[in-house]
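The values are calculated or read from the model by the stated rules, or taken from the named source; none is laboratory data. Please read these numbers as outputs of a predicted model, since none were measured by experiment. Reconstructed Cβ throughout: ideal geometry from the backbone, glycine too, with neighbour counts over all protein chains shown. The area values use the complete protein model at the heavy-atom level, side chains included, leaving out ligands, DNA and RNA. Shrake-Rupley method; radii C 1.70, N 1.55, O 1.52, S 1.80 Å.
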Protein chains: 2
Amino acid sequence: MDISEVVRRSGLPASTLRFYEQKGLIASVGRRGLHRVFAAGVLEQLSLIALGRAAGFSLNEIAAMFGADGRPRIERQRLLEKADELDQSIKQLTAMRDGLRHAAACSAPSHLECPKFRRLMGLAGAGVIGERRNGASGKK
Amino acid sequence: MDISEVVRRSGLPASTLRFYEQKGLIASVGRRGLHRVFAAGVLEQLSLIALGRAAGFSLNEIAAMFGADGRPRIERQRLLEKADELDQSIKQLTAMRDGLRHAAACSAPSHLECPKFRRLMGLAGAGVIGERRNGASGKK
DNA sequence: CCTTGACCTCAAGTCGACTTTAAGTAGCAA
DNA sequence: TTGCTACTTAAAGTCGACTTGAGGTCAAGG
């Protein structure tokens, strides 16, 4: 497969594939002239990378999970840790979601007058509610 | 209050307070010499900002929620939208968490042999599972 | 054979939310 | 008055995951 086919079948832009190759996340099996040639297995690897990203692993972490052979070497322990992290996130997001729904429905003239809202504010201010950089990206 | 007191009572570094002021998220009531002087209300505002951040709003979005007076002008509609986004996130994270737990427990020799794992991979590869930049930050 | 356009490389740019650094100022204690 | 610091500024740097741009190569189709 040449890169354009991988682009077509993975949905990722070529720039991302080159970037992933540079980072050691995927590898081309060789070149035809200058052009990269990929094995079919790269698609599976890309799915795995997407999965890792969705689970919240960084590209570096994901890279560390691939053996030099390209096959995944995933420690079950890491998976459980990440699952626990996700549990934490889920709890926080659930609290946040409920808080937002309440605030939207709340009859208090200003949100600042609503005790529930103030409680949520207090928690966030105290850092009890995790700092997130990005959650559900509302892509166009 | 001078900036050091806000630092002490909010837990945020002074650089962040200056940055927030520059972005128009907070305002000092004046200066004593060069030194900023803050009103007590700034602490409440900072909590509100923290809350907004935790809910997944960007600083710019949060800035837009404050009237020129400094009081929040929050549209209930926005809150409901964000709550729906969070619901989406929660569903995805829950699926991911369960998938990770399964993969960790799964008896298949390689994760690639596990049908559940492969299904999750497929979903992630197809972009069905949202792209996240950061979830539960495992801070030190 | 020649053109075309898909591919290549390397460097730099982007985005968000801050932090860091360098250089300067001034309130307050001694 | 001196001098210590805590404060000030503006600009640049950081981090992660890519994207973009400039300039170059070459495989394939006409």
Yes/no for A:Lys116 being among the basic types (Lys, Arg), open to solvent by less than 30 Å² (accessible area, probe 1.4 Å), in a helix (DSSP H, G or I) and in contact (Cβ under 8 Å) with a residue 12 or more places away in the chain
no
Would you please name the residue that is most open to solvent (accessible area, probe 1.4 Å), looking only at residues in the range A:1-32 that are more than 22 Å from the chain's Cα centre (by Cα) and within 8 Å of DNA strand C (Cβ to nearest atom)?
A:Arg31
Determine which single condition A:Ser107 fails, assuming it passes every other condition in (1) more than 7 Å from chain B (Cβ to nearest Cβ); (2) within 30 Å of B:Cys114 (Cα to Cα); (3) open to solvent by 30 Å² or more (accessible area, probe 1.4 Å).
(2)
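In the set B:Ser47, B:Ser89, which member is surrounded by 15 or more Cβ atoms within 10 Å (Cβ to Cβ), within 9 Å of another protein chain (Cβ to nearest Cβ) and in contact (Cβ under 8 Å) with a residue 40 or more places away in the chain? Let's see the steps before the verdict.
On the way: B:Ser47 fails: in contact (Cβ under 8 Å) with a residue 40 or more places away in the chain.
Of B:Ser47, B:Ser89, the one residue that is surrounded by 15 or more Cβ atoms within 10 Å (Cβ to Cβ), within 9 Å of another protein chain (Cβ to nearest Cβ) and in contact (Cβ under 8 Å) with a residue 40 or more places away in the chain is B:Ser89.
Taking the stated definitions as given, is B:Arg53 farther than 24 Å from A:Leu100 by Cα, of a type in the set (Lys, Arg) and not assigned by TED's automatic domain parsing to the domain that holds B:Gln88? Can you show your working first?
On the way: farther than 24 Å from A:Leu100 by Cα: no; of a type in the set (Lys, Arg): yes; not assigned by TED's automatic domain parsing to the domain that holds B:Gln88: yes.
Judged against the criteria, B:Arg53 is not a match.
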Quick check on my filter: what residues within the range A:53-74 are more than 30 Å from B:Leu79 (Cα to Cα) and within 14 Å of DNA strand D (Cβ to nearest atom)?
A:Leu59, A:Asn60, A:Glu61, A:Ile62, A:Ala63, A:Ala64, A:Met65
Can you spot a residue in the range B:52-60 that is at pLDDT 90 or above, surrounded by 14 or more Cβ atoms within 10 Å (Cβ to Cβ) and within 20 Å of A:Arg53 (Cα to Cα)?
yes
Checking B:Gln77 against (1) within 16 Å of DNA strand D (Cβ to nearest atom); (2) polar (S, T, N, Q); (3) open to solvent by 40 Å² or more (accessible area, probe 1.4 Å), the condition it does not meet:
(1)
